[in-house]
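A short worksheet on the structure shown next.
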Amino acid sequence: MSGIDSVLKETRLFPPSDEFRTNATVSGMDGYNALCDKATADYEGFWADLARSMLSWKKPFTQVLNQDNAPFFKWFEDGLINVSYNCIDRHLETKANKVAIIFEADDGSVTRVTYRELYHRVCQFANGLKSLGVTKGDRVVIYMPHTIEAVVAMQACARIGAIHSVVFGGFSAGALRDRIQDAQAKVVITANETVRGGKATPLKSITDEALGLGGCESVSKVIVFQRTSTKPEHWNEERNIWWHKLVKDQADTCEPEWVEAEHPLFILYTSGSTGKPKGIQHSSAGYLLGTQVTMKWVFDYKETDVYWCTADVGWITGHSYIAYGPLGIGATQVVFEGVPTYPDASRFWQMIEKHEVTTFYTAPTAIRSLIKLGGDLPKKYDLSSLRLLGTVGEPINPEAWMWYYEVVGGSRCPIVDTWWQTETGCNMIAPLPGAVATKPGSCTLPIPGIMADIVDESGAQVDLGKGGFLVVSKPWPSMVRNIWGDSERFKKTYFPEDYNGKLYLAGDSAHRDENGYIWIMGRIDDVLNVSGHRLGTMEIESALVANPLVAEAAVVGKPHDIKGESVVAYVVLKAARPEGEEAKRIAKELREWVAHEIGKIAQPDEIRFGDNLPKTRSGKIMRRLLRDIAKGLEITADTSTLENPAILEQLRQSAI
Ligand code: PRX
């Protein structure tokens, strides 16, 4: 592991202010340690108490953790619950008139929805789904703009026990088709268009294209939400139904379907190092519990908060910290359809002022791009409502952290740098803001009850300061339950034999500093993190070689100031290696091709053409060398095992 030994040495510590600490849910290190001690002394009792106090059960559970069929763990399995009931109905008695969602559209218009209104909307749509024959266990794909309706659609599925699979609105027809097919979805919910940054994308047409690609015979209906006045290109009377027509005559109450605690709430696809995206399957009760506990501890939720997470519901952050976490705890939250840079780079700051946001959760890539586009802009707005800031998705560099802390947070607000994953369901390593002093760039300490560790190849804990593999040594309630339809891959990926199937392998490398704080150093597999979004190099390579011009492709990541990582593709064409203008033209064509095959986020930033790729004599592509070339480094490694060492020089000079 010597290659990942860290060189970072950050010593600045930012303890919470006395005021913050005094008012925090978990106050001071004594509070934090007391919770950790409780979890160590009686792990199951610790989680059982939380599950009883934070969730509302139809039938209480008597069993806590079942490890009989490890690593297919079961939590609270004999309890009956409904997630939508927990997110909406249980608040109606005390806060029916509280605003649940402040929705700001791309064009700036604002709509407020109370818990009572949300309840009726969810019930009507749930009844609409039922009228189409959707029942418990059916899969529903949601391919929608980031709007109130996307949240309503997710909650309605949860209400009737249908399993949703949200596909990010930026994904292509091909990616959508793959997900519909893998999940064998019965219904797809989409919109005529999505509008972000003033630009419209025709989601309905892309859905038609996806269904036209074949393999989606499971789909019987496509529900279309009318987001704009633009008419869809085609309308299939049998398959398509408008959202507003579907809900028009539906009753506005709907008895929740009480499901077993382990009933799958959703599947969300994410990239792995090999093969097609994995359908990460989450449970109902354990998942919801993770979101509730972290809303309380990490986001230090207060009844008066106006909470805003800027993610899209297409990603896990939008699931746990928009669709479920804040609603479960009864918060008022902002849901924003647009992008941080439209109409200009002050949009976030303007919205924080306008909605008096107290808790703001965003991604380092957004912070970095906003620093670049207008580092002084936050000063023009009144951001004094803020009391807590958060980041997620990738490591934050200390300079960006300091700017966020000083310029946005007025040196007053703790920053919770939250490490977690699609698979973990909720924040895992993050400072509890009234307890743990923060350090720029470190996600600090595991939350109580999460047994995170850093180990070497043999599973032994590494010394402080040494790099190793980030693992979790005990199952936790909100963990991934399976890869949809692929239990073998689940076991191999997350509970590898190297550790006797006993440790959850996160896929990240990390180290601990002298305070025991955890620093995430990057992925250990061929997964890229571009603007906080996970992309498998394999997926992009497969997309490239599917182009008729391409014979072979290898994709690597390269550090990028704003996006964290950018995508570099090495391509061998079937025809001779192109040069000059022709190379530029083909590179542009291939970029557009990848955008069409997967989505814009996967587009290579750089394409280099070669006669072939650097391979060992056994035919393995030497990605390490390709990464060095992408970074512009001299190749100092021994290249004598290469079949074709001369190719390195050609690739080095092939930047276009
Ligand atoms: O590499 C880690 C990085 O994002 C990966 C998980 O990606 P995804 O499943 O798409 O979920 C992103 C949102 C939870 C991790 O394996 N990552 C996530 N949060 C952090 C992070 N890296 C460093 N610091 C973080 N706070």
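The values are calculated or read from the model by the stated rules, or taken from the named source; none is laboratory data. All figures in this text were calculated on a predicted structure; none of them were measured in a lab. In this analysis, Cβ positions are derived from the backbone assuming ideal geometry, glycine residues included, and neighbour counts consider all displayed protein chains. Calculation scope for accessible area: heavy atoms of the full protein, side chains included, ligands and nucleic acids excluded. Shrake-Rupley method; radii C 1.70, N 1.55, O 1.52, S 1.80 Å.
Using the Kirkwood formula on the Cα atoms of region 82-188, what hydrodynamic radius do you get, in angstrom to one decimal?
Values: mean 1/r = 0.0682 Å⁻¹.
Radius from the Kirkwood sum: 14.7 Å.
Taking each residue as 0.36 nm, the span from Lys588 to Thr22 lengthens on full extension beyond its C-alpha to C-alpha distance by 198.1 nm.
To the nearest 0.05, how large is the calculated FRET efficiency for Asp382 and Thr304 if R₀ is 25 Å and r is the Cβ-Cβ distance?
Values: r = 17 Å, r/R0 = 0.70.
Between Asp382 and Thr304 the formula returns 0.90.
Region 544-579 and region 247-267 have Cα centres separated by 45 Å.
The residues Asp456, Asp249, sorted by heavy-atom accessible surface at 1.4 Å with ligands and nucleic acids left out, run Asp249, Asp456 from largest to smallest.
Annotation: amide H of Thr194 within the under-5 Å range of Thr201, Leu203, sequence separation 5 or more or interchain, hydrogens built in the peptide plane.
Proximity of backbone amide H atoms, modeled 1.01 Å from N, is registered between Arg608 and Ala569, Tyr570, Val571 at under 5 Å, excluding neighbours fewer than 5 places apart on the same chain.
If you stretched the chain out fully between Thr94 and Asp344, how much longer would it get, using 0.36 nm times the residue separation minus the C-alpha to C-alpha distance? Numbers along the way, then the final one.
Details: separation 250, 0.36 × 250 = 90.00 nm, distance 3.93 nm.
Stretched fully, the Thr94-Asp344 segment lengthens by 86.1 nm.
Of the GluC sites (Glu not before Pro) found in region 511-566, those that fall in a DSSP loop while having at most 13 other beta-carbon atoms within 10 Å are Glu514.
Given charges of +1 on the Cβ of Lys and Arg and -1 on the Cβ of Asp and Glu, with all other atoms neutral, how large is the dipole of region 52-170 about its Cα centre, in debye to the nearest 20? Write out the running numbers ahead of the final one.
Values: 14 positive and 11 negative charges, 87 e Å.
For region 52-170, the charge dipole is close to 420 debye.
By the Kirkwood approach, averaging reciprocal distances over each pair of separate Cα atoms, region 118-177 gets a hydrodynamic radius of 11.8 Å.
Unpaired Cys in the chain, meaning no second Cys C-beta under 4.7 Å: Cys36, Cys87, Cys157, Cys216, Cys309, Cys413, Cys426, Cys443. Using a 1.4 Å probe on the protein heavy atoms only, what accessible surface does Tyr499 show? Give it in Å² to the nearest 10. It works out to around 20 Å².
Over 27 Å apart at the Cα level, from the set Lys372/Lys558; Lys302/Lys474; Lys98/Lys248, are Lys302/Lys474.
What does the helix-only formula give at 222 nm for the chain: each DSSP H stretch with n ≥ 4 adding -39500 (n - 2.57), the total divided by the residues, and the result rounded to the nearest 500 deg cm²/dmol?
Details: 20 runs with 191 residues, N = 656.
So the helix-based figure for the chain works out to -8500 deg cm²/dmol.
Beta bridges from DSSP with both residues in the chain: antiparallel share about 60 percent, rounded to the nearest 5. In the chain, a dipole from Cβ-located charges (positive for Lys and Arg, negative for Asp and Glu) runs towards its positive end, and of Ala323, Leu118, Ala100 it is Leu118 whose Cα lies farthest in that direction.
Probing with 1.4 Å while keeping every protein chain in the model, the per residue accessible area of the chain equals 38 Å².
Here the accessible area is traced with a 1.4 Å probe on the protein chains. For region 1-98, carbon and sulfur cover 49 percent of it. Shown is the FRET efficiency for Asn515 and Lys354, computed with R0 = 51 Å from the Cβ-Cβ distance and rounded to the nearest 0.05: 0.85. Remark: spin-label model distance Asp611-Asn33 equals 6.7 nm, labels positioned 7 Å along the Cα→Cβ axis.
Protein-only accessible surface at a 1.4 angstrom probe places the residues Thr207, Thr493 in the order Thr493, Thr207, largest first.
The order of Glu10, Glu581 by accessible area, most exposed first and with a 1.4 Å probe, is Glu581, Glu10.
Carbon and sulfur: what percent of region 602-656's accessible surface (1.4 Å probe)? Walk me through the intermediate numbers first.
On the way: 1350 of 2900 Å².
Result for region 602-656: 47 percent of the exposed heavy-atom area is carbon or sulfur.
In whole Å, how far is the Cα centre of region 387-427 from that of region 605-638? Measuring centre to centre over Cα atoms gives 35 Å.
Counting other Cβ atoms within 10 Å of each Cβ, which trypsin sites (Lys or Arg not before Pro) in region 425-505 have at most 15 and sit in a DSSP loop?
Working: sites: Lys466, Arg481, Arg489, Lys491, Lys492, Lys502; in loops: Lys466, Arg481, Lys502.
Here the sparse-neighbourhood loop sites are Lys502.
Take Lys372: with every protein chain present and a 1.4 Å probe, its accessible area is about 150 Å². Sites listed here are trypsin sites (Lys or Arg not before Pro) in region 598-644 whose DSSP assignment is loop and whose Cβ has at most 16 other Cβ atoms within 10 Å: Arg617, Lys620, Lys631.
In this structure, the amide hydrogen of Met451, modeled 1.01 Å from its nitrogen in the peptide plane, lies closer than 5 angstrom to those of Ser473, Lys474, counting only residues at least 5 positions away or on a different chain. Using only side-chain charges placed at the Cβ, +1 for Lys and Arg and -1 for Asp and Glu, the dipole size of the chain relative to its Cα centre rounds to 820 debye. Ordering Leu573, Ser618, Thr641 by Cα displacement along the dipole of region 573-653 toward the positive end leaves Ser618 in first place; charges were set at the Cβ atoms of Lys, Arg (+1) and Asp, Glu (-1).
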